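Every number in this text was worked out from the coordinates using simple rules, so none of it is lab data. All values reported here derive from a predicted model rather than from experimental measurement.
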Amino acid sequence: MRQILHCLTCRYKERRWDLKQLIGSGGMPSSHSATVTALAMAVGFQEGFGGPLFATALILACVVMYDATGVRLQAGRQAEVLNQIVYELPAEHPLAESRPLRELLGHTPAQVIAGALLGIVTAVIGHAIILVCSQI
């Protein structure tokens, strides 16, 4: 959902479609966090919040969110520094023409929390729709 919103926002602001937003990483909110949180909640609604399947989904969500704020965020910050170093190299240096590294890899804690909240809301709405449809 976040990727679609980013595509629409880019279209509105820049008057062009940027389909890279559909597969890009980073940004607010974290779509990875939203996805794994929605998955864990859906498993909890379907199988129960006390079961081993929910525990597995919850641990998966925690690992993904930890990775987004830890390893991937730091890798993005390192890419920023490396890109700046390469940018300042003299033109005759062999690395001066190298392609820049992707800098937007991870998420801040606020982006992960917002993604997790989005995932919870999405799962609750989905569960409510299922309940209403099953009553019909």
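Details
- Across the range 54-66, coupling constants 3J(HN,Hα) worked out from phi with the 6.51/-1.76/1.60 Karplus curve, θ = phi - 60°, read 5, 4, 5, 5, 5, 5, 4, 4, 5, 5, 5, 5, 5 Hz, and Gly and Pro carry x.
- Stretching A110 away from V71 to a fully extended chain increases their span by 12.4 nm, per 0.36 nm per residue minus the current alpha-carbon distance.
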